[in-house]
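**Student:** Below is a structure I'd like to ask you about.
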Amino acid sequence: MEWCQSIPKVELHAHLNGSIRDSTLLELARDLGETGVLVFSDFEHVILKSDRSLVEVFKLFDLIHMVTTDHTTISRITREVIEDFASENVVYIELRTTPKKNKLIGMSKRSYMEAVVEGLKSINSVDVAFMPHDVDTHSPLNSLSIDNNCNVTPRKRIYVRLLLSIDRRETTEDAMETVKLALELKDVGVVGIDLSGNPIVGEWTTFWPALQFAKENGLAITLHCGEVPNPKEIQAMLDFWPQRIGHACFFEGDNWEKLKHLNIPVEICLTSNIRTNSISSLDVHHFAYLLIFCDQKLESPL
Ligand SMILES: [Zn+2]
């Protein structure tokens, strides 16, 4: 674990809401419990449990949905999540989040994202480069920290890029709004669109127009694909030819052939797949299959 934490890492599949500190989640849930919005004890054990089934994971996401309804909280969790990844020596992260809107509390998709950006700006413990032009503006002097004894050390830096997620519960119009927002926010590090959420909810065809519009306008696309057995959807997603897909737990023969033919990289999290019981054990995980395929390609590029 020490070695894993010490090496510099690239994180390409981190959900903002899926990376909230347990301590923060407990604090926010307890506050909501006191106001009578929820029964704290119903959620406490799910928060503290390390092996959650996929059903429990989505119960937890329902809770997270309830506690992330104000801009201050969005900024706080963004700050904490980036600080936590930086402390584990992640040097580049693509953080994905679903911009939410709620007229009752004056939140629009745009103001939600502004709160995320505020969170990034508020980080002091590490040098956060999140705007595309940051590479040029960060002079070496800005990257040095000087302690009370005048010892100069390089400051830790993390590059952050944002992916805006479309939730599978959303409508075509919601999805389109998210894509247009992503295009408007390229200057603050938004680089792509993700499709995520409960895989048994929603239809691929609902999101296709927005995803196609994103593609035509130069946004990169990553899709949660094959989280549950759904051959028709898997095939349609691969035909769309996204830049990346996530998980691929329930792929079958033809799907693998197409994936390899189109050269689509797969974002894989072994721990997530095992803990949610999507894959029964590591020795049958598709990671080994894909790794062998990659090795063969490297050996004979033709
Ligand atoms: Zn995911």
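The values are calculated or read from the model by the stated rules, or taken from the named source; none is laboratory data. Since this is a predicted model, take the numbers as computed values, not measurements. So basically every Cβ, Gly included, is an ideal-geometry build from the backbone, and we count neighbours across all protein chains shown. These area figures cover heavy atoms from the full protein model, side chains too; ligands, DNA and RNA do not enter into them. Shrake-Rupley method; radii C 1.70, N 1.55, O 1.52, S 1.80 Å.
**Student:** Cross-link candidates for K9: which aspartates and glutamates have Cα within less than 19 Å, leaving aside residues fewer than 8 places away along the same chain?
**Tutor:** E80, E83, D84, E88, E94, D127, E267
**Student:** Okay, next question. What distance in nm separates the simple spin-label points at D31 and S281, each placed 7 Å from Cα in the Cβ direction?
**Tutor:** Inter-label distance under the simple model: 4.5 nm.
**Student:** Explain nothing, just compute: Karplus ³J(HN,Hα) = 6.51 cos²θ - 1.76 cosθ + 1.60, θ = phi - 60°, for every residue of the stretch 50-58 in order, whole Hz, x for Gly and Pro.
**Tutor:** 8, 9, 9, 6, 4, 5, 5, 4, 6
**Student:** While we're on this one: Pull up all non-local amide H partners of Y92: gap of 5 or more, or a different chain, and H-to-H distance under 5 Å with H placed in the peptide plane.
**Tutor:** So Y92 has HN proximity to K9, E11, Y159.
**Student:** Under a GNM of the chain (C-alpha, springs under 10 Å), which listed residue has the highest mean-square fluctuation: A129, A236, A14?
**Tutor:** A236
**Student:** Rounded to whole Hz and in sequence order, give me ³J(HN,Hα) for the stretch 79-90 from the Karplus expression 6.51 cos²θ - 1.76 cosθ + 1.60, θ = phi - 60°, writing x for Gly and Pro.
**Tutor:** Values, residue by residue: 4, 5, 5, 5, 4, 5, 5, 5, 5, 9, 6, 6 Hz.
**Student:** Further, regarding this structure: Looking at L270, G197, P209, which one has the Cα that reaches farthest to the positive end of the dipole of the stretch 161-302 (charges on Cβ: Lys, Arg +1; Asp, Glu -1)?
**Tutor:** L270
**Student:** Students often forget the sequence filter, so: which lysines lie under 18 Å Cα-Cα from K121 once same-chain residues fewer than 8 apart are removed?
**Tutor:** K156, K186
**Student:** Let me ask you something else. What list of ³J(HN,Hα) couplings, whole Hz, do you get for the stretch 63-69 from phi and the Karplus terms 6.51, -1.76, 1.60, once you set θ to phi - 60° and write x for glycine and proline?
**Tutor:** Listing the rounded values in order: 5, 4, 4, 6, 8, 9, 10 Hz.
**Student:** Another one. Considering amide H positions built from the backbone, and no H for Pro or chain starts, which residues 5 or more places from V190, or on another chain, come under 5 Å of its amide H?
**Tutor:** L162
**Student:** Carbon and sulfur: what percent of the stretch 42-122's accessible surface (1.4 Å probe)?
**Tutor:** Values: 1980 of 3610 Å².
Carbon plus sulfur share of accessible area: 55 percent.
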